[in-house]
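Here the structure is laid out as structure tokens; the discussion comes afterwards.
The values are calculated or read from the model by the stated rules, or taken from the named source; none is laboratory data. What you see is a predicted model; the values in this text were computed from it and never measured. Cβ: placed from backbone, ideal geometry, glycine included. Neighbour counts: every protein chain shown. Side chains are part of the model used for accessible areas, which takes the heavy atoms of the whole protein and leaves out ligands, DNA and RNA. Shrake-Rupley method; radii C 1.70, N 1.55, O 1.52, S 1.80 Å.
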Amino acid sequence: MVKAIVGANWGDEGKGKITDMMAQEADIVVRFQGGANAGHTIVNNYGKFALHTLPSGVFYSHITSVIGNGVALDIPKLFQEIRSILDRNVPMPKILVSDRAQIVMPYHILFDQYEEERLGGRSFGSTKSGIAPFYSDKYAKIGFQVSELFDEELLKEKVARICELKNVMLEHLYHKPLLDPAELLENLHSYRDMVEPYVCDVSAFLDKALKEGKTVLLEGQLGTLKDPDHGIYPMVTSSSTLAAYGAIGAGIPPYEIKQIVTVCKAYSSAVGAGAFVSELFGEEAEELRRRGGDGGEYGATTGRPRRVGWFDCVASKYGCRLQGTTDVAFTVLDVLGYLDEIPVCVGYDIDGEVTTEFPVTAKLEKAKPVFEKLPGWKCEIRGIRRYEELPENCRKYIEFIEERIGYPITMVSNGPGRQDIIYRESPRKRD
Ligand code: GDP
């Protein structure tokens, strides 16, 4: 059985926490897209961790953690991350890396920086992890697959060919130092030695695991609105953030995905540029940012302050629909306990017309939020384990949003820890 854990919005919804929690009853956790450009924050018995490449199951000895073929694999970063968790007394996790995953090359990271520099104020707000140049090369068919590290002749020829191509850009567009093929080849040899013990035919491994009745979690990075097809293009990431892509990025049949848990935060946050209709500014924003997440809304990878706003029903309904949501996990609700009233964005006003359908980017830029205010609950809800014990206004907030987005909220997260979760029956089942 395969379950996907994905984001409804711009990322940072708390997928790491939900994955870590659901991994208690799973066997395998697979990362299927993205790279080290975003992070998951996980709080557990070993402490607080920011993971960028490792799947969120690495803290359990019963879990096999898999880097799927869809991931942008930064080999030195992966190994740094493994070392950093071992240094904090986490036992060595079982890790497998797909032989079909492609490698983030040192020049991808450079090109990412150079392009942001060249664009100046018009930049995309890249985290400069090399992700966009990596995926561009993958689809231009000049990327390096992990399997290719083990074919010396091919590697030599390809390194020479790619350096020739990249050096034209480095010399004439960016005016930067050129790549040295011998140095690059040496880098790749060190990558080969690091990754060798973990390389695996992941789709065959997963096929066998599914036949044996194992439970597999697909862990998404970022959220629907950062998807290159369905998100706020061009302010998106470079790989699909949708559960459907989990089948491709892990190498499993799409029909194996039986549950799609879409994580939705009780308010909005976003990193990087792009339209954000329900965004807050000034003091109100500062207060929510400071109180948000677990220790403030600052990027797990970059430390950048996240943009924050009120819950957006239009974006979240769309975000859940594109994921194919079976369950919504509604997270970080505890943070809102300080508010007398909580505005919720229930529609977009575009040129005088109000819509609840999420528009294409050009229209989105013109959208103004239509807010409805709900009464706050003015108390701490951490520690509560049963839905009925939540304050009435808190339940009303959840149920209001559930109705507006049209997907069942079956889990409510009221704190960063594994145990901070309230399970709720699907309203469909209750009917
Ligand atoms: P991800 O990228 O979707 O995994 O999200 P991040 O880990 O980047 O951001 C979520 C942040 O919220 C992290 O700091 C989590 O520890 C924290 N978090 C997750 N769930 C909850 C919750 O229910 N309450 C609070 N207060 N923090 C939470």
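Points to keep in mind about this one:
- Approximating the spin labels as points 7 Å out from Cα along Cα→Cβ, the residue 368-to-residue 168 distance works out to 5.0 nm.
- For the stretch 170-288, a simple Cβ point-charge model (Lys and Arg +1, Asp and Glu -1, everything else neutral) yields a dipole of about 580 debye relative to the Cα centre.
- Relative to the 2.2 N^0.38 Å rule of thumb, the chain has a C-alpha radius of gyration ratio of 0.99.
- Entries in 258/373; 3/373; 265/373; 138/258; 226/265; 77/208 that, when Cα-Cα distance is taken, lie over 24 Å: 258/373; 3/373; 138/258; 77/208
- Gained length - residue 180 relative to residue 140, 0.36 nm times residue gap less alpha-carbon distance: 12.2 nm
- Accessible surface of residue 363 - all protein chains present, 1.4 Å probe, nearest 10 Å²: 110
- Rounded accessible area of residue 105 (nearest 10 Å², 1.4 Å probe): 0
- Accessible heavy-atom area order of 194, 22, highest first, probe of 1.4 Å: 194, 22
- Taking the stretch 1-81 and dividing mean pair separation by its residue count, relative contact order in percent (alpha carbons under 8 Å, at least six apart): 31
- Most tightly packed first, judged by the mean number of other beta-carbon atoms within 10 Å of their residues, the peptides 397-406, 412-421 read 412-421, 397-406.
- Per-residue accessible area (protein heavy atoms, 1.4 Å probe) orders 361, 41 as 41, 361, starting from the largest.
- Solvent-accessible area per residue, Å², over the stretch 322-374 with all protein chains present [probe radius 1.4 Å]: 45
- Accessible surface computed residue by residue for the stretch 255-299, with neighbouring protein chains in place and a 1.4 Å probe, gives 40 Å² per residue.
- Net length available on complete extension from residue 189 to residue 100 is 30.3 nm, with 0.36 nm assigned per residue and the Cα-Cα distance removed.
- Rounded to the nearest 10 Å², the accessible area of residue 180 at probe 1.4 Å: 80
- Cα gyration tensor shape for the stretch 165-280, rounded if a/c is under 1.5, else prolate or oblate: oblate
- Residue among 259, 110, 54 farthest towards the positive dipole end of the chain, charges placed on Cβ: 259
- Rel. contact order, % - alpha carbon contacts under 8 angstrom, at least six apart, the chain: 20
- Antiparallel DSSP beta bridges within the stretch 209-333, as percent of all bridges there, nearest 5: 50
- When the helices of the chain are scored as -39500 (n - 2.57) per DSSP H run of n ≥ 4 and the total is divided over every residue, the value at 222 nm lands at -9500 deg cm²/dmol.
- Protein accessible area in the chain, 1.4 Å probe - carbon and sulfur %: 50
- Within a straight-line Cα-Cα reach of under 22 Å, residue 141 can be paired with the following lysines, leaving aside sequence neighbours fewer than 8 residues apart in one chain: 128, 156, 158, 166.
- Simple point charges give the picture: +1 on the Cβ of Lys and Arg, -1 on the Cβ of Asp and Glu, and for the stretch 334-426 a dipole about the Cα centre of about 280 debye.
- Relative contact order of the stretch 181-247, taken over Cα pairs closer than 8 Å and 6 or more residues apart, is 20 percent.
- Dipole size of the chain about its Cα centre, with +1 on Lys/Arg Cβ and -1 on Asp/Glu Cβ: approximately 580 debye, rounded to the nearest 20.
- The stretch 18-79 shape via C-alpha gyration tensor axes, a/c threshold 1.5: oblate
- Farthest toward the positive end of the dipole of the chain, out of 33, 215, 65, is the Cα of 215, where the dipole comes from beta carbon charges about the Cα centre.
- On the beta carbon distance between residue 393 and residue 355, with R0 = 25 Å, the FRET formula returns roughly 0.35.
- Ordered by 1.4 Å accessible area with all protein chains kept, 40, 230 run largest first as 230, 40.
- Comparing 239, 61, 129 in a Gaussian network model of the chain (Cα springs below 10 Å), the most mobile by mean-square fluctuation is 61.
- Per residue, the solvent-accessible area of the stretch 59-168 (1.4 Å probe, heavy atoms of protein chains only, all protein chains present) comes to 44 Å².
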